[in-house]
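Throughout, read-outs are computed from the coordinates displayed, never taken from laboratory work. Predicted, not measured: the structure shown is a model, and the values here were computed from it. Virtual Cβ from ideal backbone geometry, glycine too; neighbours counted across all protein chains shown.
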Amino acid sequence: MIDESGMKPSGEKERKREFARYLGVASTVGINMVLSASIGFAIGHWLLDRYLNTDPWFTIIFLILGIASGFIYLFRIALKSGEKSGKGSS
């Protein structure tokens, strides 16, 4: 719906803005999950296991730590999103 001034109503703009924000958050979460697991793997494999000759133990440990940090970030974003949606519906 377009009003006589040719501008979109604020409700439609707000929905598009909200969708773009959620899309940005979703892409950030995906990128963070991959990066945290990759960084954990890299630290364990290339920095520790190669020099300490403890293959594969530090690789496994730091990969698990990287995945865990990705999930912690995911939960923090989910909690923030839940708080914001809870405040808006009151």
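With contacts taken as Cα pairs under 8 Å and at least 6 residues apart, segment 30-89 reaches a relative contact order of 36 percent. Computed from Cα atoms, the angle from the helix 57-89 axis to the main principal axis of the chain rounds to 20 degrees. What label, among [x] 1.31; [y] 0.94; [z] 1.16, belongs to Rg/Rh (Cα atoms, Kirkwood Rh) computed from the structure on display? The listed entry that was calculated here is [x]. Taking every DSSP helix (H) stretch of at least 4 residues in the chain, weighting each as -39,500 (n - 2.57) and dividing the sum by the residue count yields a mean residue ellipticity at 222 nm of -26500 deg cm²/dmol.
If each residue's Cβ is checked for other Cβ atoms within 10 Å, how do Phe75, Phe41 rank with the fewest at the top? Before the final figure, lay out the partial values.
Values: Phe75 10, Phe41 18.
Ascending number of Cβ neighbours within 10 Å: Phe75, Phe41.
With r defined as the distance between the Cβ atoms of Trp57 and Glu18 and R0 fixed at 41 Å, what FRET efficiency is calculated, to the nearest 0.05? Efficiency at R0 = 41 Å is approximately 0.35.
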